[in-house]
1. In whole Hz and in residue order, list the ³J(HN,Hα) couplings for region 56-67 that follow from phi through the Karplus curve 6.51 cos²θ - 1.76 cosθ + 1.60, θ = phi - 60°; x for Gly and Pro.
2. Take the cross-link list Lys203/Lys277; Lys277/Lys313; Lys203/Lys262; Lys44/Lys228 and give me the ones stretching past 19 Å between alpha-carbons.
3. Name all residues of region 117-134 having a backbone nitrogen under 16 Å from the label point set 7 Å from the Cα of Glu162 along its Cα→Cβ direction, giving them as ranges.
4. For the chain, just list the percent of Cα-Cα distances falling in each 10 Å bin from zero outward, please.
5. Mind checking region 4-101 for trypsin sites (Lys or Arg not before Pro) that DSSP puts in a loop (not H, G, I, E or B) and that have at most 16 other Cβ atoms within 10 Å?
6. Among the lysines, select those whose C-alpha is under 16 Å from the C-alpha of Lys46, and discard any that sit fewer than 8 residues away in the same chain.
7. Asn293 to Glu182: FRET efficiency via 1/(1 + (r/R0)^6), r the Cβ-Cβ distance, R0 35 Å, to the nearest 0.05?
8. As an exercise, identify the chymotrypsin sites (Phe, Trp or Tyr not before Pro) in region 58-138 lying in DSSP coil whose Cβ has no more than 12 other Cβ atoms within 10 Å.
Amino acid sequence: MISFNNDYSTIAAKEIIERLTQLNDQVFGLGYGTDDICEQARQKIKDKLGNQSVDIHFLVGGTQANAVMIAGMLRPYESIIACDTGHINVHEAGAIETHGHRIETVNNINGKIDLKACQKLLDEHFEEHETVIRAIYISNSTEIGTIYSLNELKELRRFCDENKLYLYMDGARLGAALTSDENDIAWTDLCNYCDCFYIGATKNGGMIGEAMVIVNDDLKPYYRNLMKQNGALLAKGFILGIIYDTLFTNDLFENLARHGNKMAKLLKDGLVKKGYKLLINSPTNQQFVIMPNELIKQLEKEFVFATWSKGEKESCIRLVAAYQTTEEDVQSFLSCV
């Protein structure tokens, strides 16, 4: 069966498999991300970001990245704002709450944070009876495939500065966001406007991996201690180093993401041409399409995808394209439809 279920259904891009095979017999000596190849990967990322002063740490997955970062960011009585569709609010099994931190939610606008709603929350949290809101969490791209513009990112930074908040960006699908045709955020902008963010490899051709980038000096101390305490410090850290060193060689990271976006656009354009409606106009590799339930049942016999929301006669399905998706896969789906 052809899968449009997610963007992490295969082991890894061939370039990474080849590199891992090539280095399989090498003895790295040092573990926990302290080896030379991890340092080489960090340097390549710093060069891409145009910032040599950031700290970069390699973690296995997005939930670990979010949980560890937010645990270090907040004091016991502090909370973080996320929109209702935010990954930390919906898909992480209470990982943030496990550390004793509340997620204050606001309704999303096209998957993005609503600053007017954030201001209302701040106005309501002024006594010792409430949590002290200390940070804002966003995802780019969002859970429904939308992306933040540079002006929106600047406005978020202004709002956070005025209210003494940290701005944290979940970058599980940062590659899809930055290579979108509608994107106007550059790599160098990320360090100018975010206190911390991560660059996701798991959903962009990596076997595993998220690279946490800490910009704000206040958040840097003892981060590795937090990683260790929370089971996020990988002994064979050089595996993550190899993955990121390969992704950040010859623009592989961008090329893989750009291909996923291109295949998703082919899907979207083909389905719109056939008269199907979109839940949202996503410019990235996730597409949300409304279809009759009977058609969905037929498609499920040949394709794997997620049903995002169910209705009595129609439902919304999510179709995700990735680096391994081919034009033949897309045309097969469109032909079957």
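Rule-based calculations on the coordinates, nothing more; no lab input. Bear in mind the structure is a predicted one, so any value in this text is a computation, not a measurement. Using ideal geometry, Cβ is built from the backbone for each residue, glycine included, and neighbour counts are taken over all protein chains shown.
1. 10, 10, 9, 10, 6, x, x, 4, 4, 4, 5, 4
2. On the way: Lys203/Lys277 26 Å; Lys277/Lys313 14 Å; Lys203/Lys262 16 Å; Lys44/Lys228 25 Å.
Long pairs (Cα-Cα over 19 Å): Lys203/Lys277; Lys44/Lys228.
3. Answer for this model: 117-124.
4. Taking all Cα pairs of the chain, the binned fractions are 6, 25, 32, 24, 11, 2, 0 percent.
5. Sites meeting the loop and neighbour criteria: none at all.
6. Lys46 reaches Lys220.
7. Working: r = 31 Å, r/R0 = 0.89.
According to the calculation, E is roughly 0.65.
8. Values: sites: Phe58, Tyr77, Phe126, Tyr137; in loops: Tyr77, Phe126.
Answer by residue number: Phe126.
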